[in-house]
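Every number here is computed from the coordinates shown, using simple stated rules; none is lab data. None of the values given here were measured: they were computed from a predicted structure. With ideal geometry, Cβ positions are generated from the backbone for all residues, glycine too; neighbour counts draw on all protein chains shown.
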Amino acid sequence: MNALAALVSREMKKWYRRRIAILFTFVTPLFWLALFGKSMNLYKLFKIPDTVPPQFINIIQEAIDQIIIAAFGTKDYFTFLATGMFSVFILFSSMFSGMSLIFDRRLGYLSRLLVSPVKREIIFLSRVIASTIRNLLQFTALFIIALALGLNIGPGFGPANLLVMYIVLGILSIAFSSIFITVSLKIEEHDTAIAITNLLNLPLMFASNSLFPKEQMPIWLQIFAEINPLTHSNILIRTLVIEGSISLPIVSLTYLITIAVIAIIIGIALSRKILQHL
Amino acid sequence: MAVDHIDFEVYEGEIFGFLGPNGAGKTTTINMLNTLIEPTEGEAIIDGYKLGKDNEEIRKIIGLVPQELTADDELTGLENILIQASLYGINKDTALHKAEELLDMVDLKDAANRLVKTYSGGMRRRLELVMGLIHRPKILFLDEPTLGLDVQTRARIWEYIRSLRDIYGVTIFMTTHYMEEADALCDRIGIIDRGKIIAIGTPRELKNLLKGDIIMIEVENGVDIDYQDIIENVSNVKEVKYVDGRLAVTTERGEYTIPELLNHLHSKNVKVRGVELVKPSLEQVFLYLTGRRIRDEEAIDSLSYRAIMRRRRRI
């Protein structure tokens with residue numbers, strides 16, 4: 001058996017044997033979707049008061065619709081949020097992808113790998129791959145939940161869009177998992193990893209177009225949003241789902257692929273260096 | 001510094017043991033030799049390969065059974081073994097075949113498809129042995145292979161280790177702080193204390209560092225006996241003392257001295273009430289060399305942290 005396949009299957013077996021833990025990974029994104037997404041009904045905030053003369057209602061309504069669509073791409077804020085939460089979910093679960101390495105170090109399993117002649121980058125890559133498979137499987141469940149909660153998919157949405165969604169989120173997952181697994185190459189305490197995760201998760205989500213469009217942000221925040229891979233993943237996912245289009249903005253796609261490639265190259269190089277000795 | 005300029009050789013096909021108290025530098029030495037830790041200076045040649053330069057080659061020919069139980073307890077025994085085999089590029093059929101043979105040898109076949117977390121300590125140790133051997137290493141490092149096991153299980157592990165050497169011709173480098181383990185199992189022993197090797201040799205050679213066996217003889221009127229007369233007339237006797245109401249006769253190979261000694265005492269009309277032969281043990285050798293005793297009590301500490309982590313991880 002190939003070492004990479006064996007180590008990926010190890011990660012997967014450990015994952016699906018912890019069924020309860022899998023359930024918990026859905027809790028946070030589910031809260032965001034069901035509670036935040038559903039309680040924040042942006043469209044209804046702009047309900048035209050009864051005092052407005054009837055002859056203006058249609059014109060005002062038309063203006064409101066256009067403003068909201070211009071900002072969110074859809075009249076339905078829930079759909080905007082849900083399409084943002086898919087990538088946020090990938091981020092959140094990728095953040096914990098380095099945990100298995102830290103535990104392996106703690107529990108001595110890493111020594112077992114390090115005394116073997118297995119290529120050091122295999123140890124790193126197996127976790128990136130396993131994390132990405134897990135993320136995409138979990139995304140499937142999340143997508144179904146979002147549909148059940150009323151996700152409005154664009155009229156052109158077809159199997160090709162769905163497939164490309166998986167590819168985009170897969171690339172995002174490779175990027176984030178590579179970054180967080182690389183970080184955990186040196187970490188010995190899982191508390192440190194949790195602290196890093198808590199430090200980064202919300203800022204990364206807020207400094208992106210996941211919850212709100214970046215155009216209305218102050219310029220300094222826009223700069224952060226612009227370099228945040230989440231933003232570009234969201235642009236791609238919204239093109240696929242809300243617009244139902246498959247012709248993706250080339251800048252965002254290129255940016256995402258570039259980040260993933262750089263992250264994986266750095267991860268391979270550092271694992272070759274760091275994983276030589278305990 | 002855990003280890004300070006040690007120098008030793010291990011011969012092919014032997015069981016070589018590092019004996020010393022906890023913290024003496026045993027695990028550090030093992031981890032330097034198996035490439036886990038980079039030595040700050042010095043040189044080691046393993047089967048012709050130079051440590052540091054040829055680490056990849058060394059990793060192919062060594063196996064490690066670490067002190068901690070490090071098999072993945074969320075997987076079954078067989079799953080653990082197959083992953084281990086894959087690290088060495090062994091294909092699945094060969095791995096299954098070898099796994100079956102080794103599991104059979106350590107009587108673990110029935111438990112092969114159970115999750116490791118359901119294993120007892122002894123079973124886990126045996127699984128670790130199988131995992132360390134699946135790629136047929138030329139050299140096997142065993143770090144405290146019976147730590148925390150009860151006496152019966154320990155004796156069984158010894159048997160397995162002996163048969164490993166006999167059947168596969170593996171060179172075994174092991175550490176232990178159990179005297180009787182080193183004595184029963186090792187062809188040669190290096191006694192290590194505070195990062196330095198203080199003696200090296202076969203168990204017999206080490207024990208010969210002491211002057212020899214002691215024959216304790218309970219006699220009537222011990223005070224009246226001419227000690228010099230015994231030393232001169234009984235072969236191999238080196239020293240005679242009177243300790244706690246008994247004669248303490250230091251000699252080589254006491255079992256052969258006893259008949260002659262008793263005959264001599266009989267001829268001198270000394271009445272003998274009882275005889276005890278005290279063989280020198282490694283415990284006494286260590287005491288003789290360092291002035292301290294090796295203690296067993298700290299042994300559990302190194303396991304407990306990981307045990308806590310394991311429990312924590314399951315939550």
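Under the criterion of Cα pairs below 8 Å and six or more residues apart, the relative contact order for segment A:124-278 equals 36 percent.
Taking only the C-alpha atoms of the protein assembly as shown, Rg followed by Dmax gives 34.7, 139 Å.
Let me check against my output: what whole-number percent is the relative contact order of segment A:55-161, with C-alpha pairs under 8 Å and at least 6 apart? Intermediate results must be reported in sequence, preceding the final value.
Details: 35 pairs, mean separation 37.8, N = 107.
The normalised contact order for segment A:55-161 reaches 35 percent.
As I understand it, the value is the acute angle between the Cα axis of helix B:301-314 and the longest principal axis of the Cα atoms of chain B; what does it come to in degrees, rounded to 10? Approximately 30 degrees, to the nearest 10. With point charges of +1 on the Cβ of Lys and Arg and -1 on the Cβ of Asp and Glu, referenced to the Cα centre of segment B:15-76, which listed residue (B:I37, B:L69, B:G17) lies farthest in the positive direction of the dipole? In segment B:15-76, that residue is B:G17. Between helix B:254-267 and chain B there is an angle of about 10 degrees, using the helix long axis and the longest principal axis of the Cα atoms.
For chain B, calculate the relative contact order in percent as a whole number, restricting contacts to Cα pairs under 8 Å that are 6 or more residues apart.
On the way: 511 pairs, mean separation 67.8, N = 315.
RCO, chain B: 22 percent.
Taking every DSSP beta bridge that has both ends in the protein assembly as shown, the antiparallel portion is near 60%.
Between A:L137 and A:T192, the simple label model (points 7 Å from Cα in the Cβ direction) yields a spacing of 3.0 nm. Rounded to the nearest 20, the size of the Cβ-charge dipole of the protein assembly as shown about its Cα centre is 2200 debye, with Lys and Arg at +1 and Asp and Glu at -1. Taken about its Cα centre, chain A carries a charge dipole of roughly 1300 debye when the Cβ of each Lys and Arg holds +1 and the Cβ of each Asp and Glu holds -1. Excluding residues fewer than 8 places away in the same chain, name every one of the lysines whose C-alpha is closer than 29 Å to that of B:K92. The qualifying lysines are A:K13, A:K14, A:K119, B:K60, B:K109, B:K117, B:K138. Its residues counted as N, segment A:139-275 yields a C-alpha radius of gyration over 2.2 N^0.38 Å of 1.16.
For the pair B:N263 and A:L278, label points projected 7 Å from Cα toward Cβ lie 5.8 nm apart. With the simple model of a label 7 Å out from the Cα in the direction of the Cβ, A:T51 to B:T94 spans 8.6 nm. Charge tally around B:L277: other residues with Cβ under 9 Å, Lys/Arg +1 each, Asp/Glu -1 each, net -2.
Note on B:E43 and B:E255: the extension gain reaches 71.9 nm, defined as 0.36 nm multiplied by sequence separation minus the Cα-Cα distance.
Across the options A:A63, A:G154, A:I264, the greatest Cα extent toward the positive end of the charge dipole of the protein assembly as shown (unit charges at beta carbon of Lys, Arg, Asp, Glu) belongs to A:A63. As I understand it, the value is the acute angle between the Cα axis of helix B:77-87 and the longest principal axis of the Cα atoms of chain B; what does it come to in degrees, rounded to 10? Compared with the principal axis, the helix lies near 70 degrees. Assuming charge only on the beta carbon of Lys and Arg (+1) and of Asp and Glu (-1), the dipole of chain B about its Cα centre is about 920 debye to the nearest 20.
Ranked from highest to lowest mean number of other Cβ atoms within 10 Å per residue, what is the order of the peptides A:232-244, A:96-108, B:264-276, A:39-51?
Details: A:232-244: 24.0, A:96-108: 21.1, B:264-276: 12.8, A:39-51: 10.8.
The densest-packed peptide leads the list: A:232-244, A:96-108, B:264-276, A:39-51.
For chain A, complete DSSP H runs whose alpha carbons reach 30 Å or more along their own long axis and whose mean Kyte-Doolittle score is -0.5 or higher are A:120-148, A:159-183, A:250-274.
Cross-link partners of A:K44 among lysines, defined as those whose alpha carbon lies under 17 angstrom from its own and excluding same-chain residues fewer than eight positions apart: A:K75.
Taking N as the number of residues in chain A, what is its alpha-carbon radius of gyration divided by 2.2 N^0.38 Å?
Numbers: Rg = 21.1 Å, N = 278, 2.2 N^0.38 = 18.7 Å.
Relative to the 2.2 N^0.38 Å estimate, chain A comes out at 1.13.
Within straight-line reach of B:K211, meaning a Cα separation under 30 Å, sit the following lysines at least 8 residues removed in sequence or on another chain: B:K26, B:K196, B:K238, B:K241, B:K268, B:K271, B:K279.
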